[in-house]
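Take a look at the structure below.
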Amino acid sequence: MFRKYQYEEINPDEVFLDSGNLPQFDTQQFEGVIERPITTRVVALLSAVFVLVGIVFLSKVFMLQVNEGDRFALLASNNSLDHSTLFAERGVIYDRNGEELAWNAPERTYTERPGFGHLLGYVSFPNETEVFEEGRHPKELVGRDGTEKIFNQNLRGENGLKIVEVDVLGEVTGESVLAYARDGSNLNLSIDADIQEQLYRYIRDLSFDRGFIGGSGVIMDVQTGELLALTNYPEYDPQVLADADDRDTIVRYQTDEGKPFLNRAVQGLYTPGSIFKPFVALGALEEEIVDPNKIFYTTGSLSLPNPYVPGTFTVFRDWKDHGAVDLEDALAYSSNVYFFEVGGGFEEQEGLGIDRIKKYSSEFGFGSPTGIGFDGEKDGVIPDPAWKQEVFDEVWRIGDTYNTSIGQYSSQVTPIQMVRAIAAIANEGKLLTPSLAQGGNPGAHTTIAIGQNNFKKVKEGMRSAVTYGTAKGLNIAGVSVAAKTGTAEIDFGKQFVNSWITGFFPYEEPRYAFAVVMERGPRENYIGGVFVVRQLLDWMVENKPEYLSYGTELQSE
């Protein structure tokens, strides 16, 4: 009978297990341990992680390629292609004789001569509007005032463009010009720099010496309209404004009571005073309300009966008793009473009247811009009943006509208007458009319908003002001058005046008209505009005779 034995199941690990090696197992490295299979839970967890990473990755790829693909494509292009502006050289500004007044070194540089601030203007970089709305390059120079602005389009030229190829390290590997820069055109002004500077110095020095707040002077060719000089005192230094780093000086300009930023020649409005009388005379002659040879007996004032208070009179005073005067004498001596009667009428003498005064003054350009091109040019005012009603809500009176006849009341003109009007007397009827560019607008004008003989009579009166009248300070050897003075009261207390001198030369064959105003000086001072022009003409006789057409036969009378 066999003994039945029962054996337990032998584990395969035990078959290969060498019990002698047990002490050598490194349990930290799982030696002697059977590897167990990964559970379903772990597999599911790892799968979820991989799916999440995939979703994030795909989302980023979508964002980079779809949402921002264009931007990164552009960045990639810019990393290899750099667009560079080729700046045009700004044109040089010269005077009529070829002297540089504004040039590039490489910043914009201006002449150190005084008297050119308002004429030349200055440049600066564009503002945000000009960059983003007009497409100007942030480093492009833009004309801000004066001729720099008036002729900016020609002076600036046209910028070019090139593409520069660079590698990943930023090294230039090549370049290609897409459009070449076209340099700006040079500009020859009609201004004579020497005359401009001298005129400025005489105006400045007289302001210091006699207490004027400032002044302005303009000289214009009576046949072409070209300006030989246009200057103001005080003025700004264009270099200071172009460099824009001297903040103290710029602030001083802004607070100076002399208003250095005011271009007095085109923006300054001044009561003309007696320099308005030649235009009233021309209207009266053309309308045949006065014979130029008729004698007026003046006594230093005109008394007008008051219609509202019988037995009382309104007195309109002259600056002096001139006695018996005709038209020539009235212009030479600047008789107020003569022009009260001719302008407004008195007793048997018919007056031109305010409507016709307005008509003729408008034909000579008063009340309208001249078209010279400067920013902020003022129209000026020749008052009339409609103007007074609108401004003061009052009716027009005969006394207003009297005062307007002698350039007072509320009349206002600019120096550029005045020199243009005087030139129209000198050339006998051509109202020219002033020009700053040499040969730029030769002789552009409108015609004033006044008889040649009437112009001749007024010109004779202006010549007599120099030979024996109020402008005899201009009766010099070397050039024959015709002129008209004016002293305009500018405040209710009559403590301050504007001192004017206008005229033309040579008298026989006029070439240039001039207008100078000295602004707001003390009434008791008798040295004004005449002194400025006298000094300038004396200087021109010695240094610039080519403008005077003078000779030994032209001597002081």
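Quick one: of K294/K459; K259/K472; K149/K388; K277/K359; K259/K358; K359/K388, which pairs are farther than 26 Å apart, Cα to Cα? Kindly include the intermediate steps, with their values, before the conclusion.
Details: K294/K459 17 Å; K259/K472 32 Å; K149/K388 36 Å; K277/K359 14 Å; K259/K358 31 Å; K359/K388 16 Å.
Long pairs (Cα-Cα over 26 Å): K259/K472; K149/K388; K259/K358.
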Worksheet entry | Phi-based couplings in Hz for segment 86-91 (Karplus 6.51, -1.76, 1.60; Gly and Pro marked x) | 9, 6, 6, 6, 6, x
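Peptides 480-486, 103-109, 494-500: what's the order by average Cβ count within 10 Å, highest mean first?
Details: 480-486: 27.1, 103-109: 13.4, 494-500: 20.4.
Those peptides, ordered most packed to least, come out 480-486, 494-500, 103-109.
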Discussion item. Kirkwood hydrodynamic radius, computed over distinct alpha-carbon pairs, for segment 387-445: how many Å, to one decimal?
Written reply: 14.1
Item to complete: Work out which helices of the chain, taken as complete DSSP H runs, extend at least 30 Å along their axis over the Cα atoms and score a mean Kyte-Doolittle of 1.6 or more, then list them.
Response: 40-62
Worksheet item: Measuring from centroid to centroid over Cα atoms, what is the spacing of segment 487-512 and segment 114-130 in Å?
Response: 31
Item to complete: Using packing as a proxy for protection, rank 355-365, 284-294 so that the peptide with the highest average count of other Cβ atoms within 10 Å comes first.
Response: 355-365, 284-294
Worksheet item: When Lys and Arg each count +1 and Asp and Glu each count -1, what net charge do the other residues less than 11 Å away from D491, Cβ to Cβ, add up to?
Response: +2
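Hey, fewest Cβ within 10 Å first, where do I195, I448 land in order? It would help to have the intermediate numbers written out before the result.
Working: I195 24, I448 20.
Sorted ascending by nearby Cβ count, the order is I448, I195.
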Worksheet item: In terms of modelled amide H atoms, which long-range or inter-chain residues lie less than 5 Å from the amide H of R108?
Response: none
Worksheet, complete the sentence: Cα-based Rg/(2.2 N^0.38 Å) for segment 467-557, rounded to two decimals, is 1.17
Worksheet item: Non-local amide H neighbours of A437 (under 5 Å, H modeled in plane, Pro and chain starts lacking H): which ones?
Response: S190
Item to complete: Please list 132-140, 375-383 highest first by mean number of surrounding beta-carbon atoms within 10 Å per residue.
Response: 375-383, 132-140
Worksheet entry | Near-label residues of segment 145-160 by backbone N, under 11 Å of a point 7 Å along Cα→Cβ of T129 | none
Worksheet, complete the sentence: Ranked from fewest to most other Cβ atoms within 10 Å of their own Cβ, R41, R520 fall in the order R41, R520
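What list do you get for Y468, Y409 if you sort them by fewest beta carbons within 10 Å? Could you put the intermediate results ahead of the total?
Working: Y468 14, Y409 18.
Least to most surrounded, the residues fall as Y468, Y409.
Using only DSSP helix segments of four residues or longer, with each worth -39500 (n - 2.57), what per-residue ellipticity at 222 nm results for the chain after dividing by its residue count and rounding to 500? Intermediate results must be reported in sequence, preceding the final value.
Numbers: 20 runs with 189 residues, N = 557.
-10000 deg cm²/dmol, from helical runs alone.
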Fill in: Histogram of C-alpha separations across segment 81-188, 10 Å bin width, %
14, 39, 27, 14, 6, 1
Practice prompt. If a/c stays under 1.5 just call it rounded; otherwise compare a/b with b/c (prolate if a/b is bigger, oblate if not). Do that for segment 221-359, with a ≥ b ≥ c from the square roots of the Cα gyration tensor eigenvalues.
Written response: prolate
Worksheet entry | √(5λ) per eigenvalue of the Cα gyration tensor, segment 193-547, largest first, Å | 33, 24, 20
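None of the figures in this text is laboratory data; all of them are computed from the coordinates on show. Please read all numbers here as calculations on a predicted model, not as lab measurements. Cβ sites come from the backbone with ideal geometry, for glycine too, and all protein chains shown count toward neighbours.
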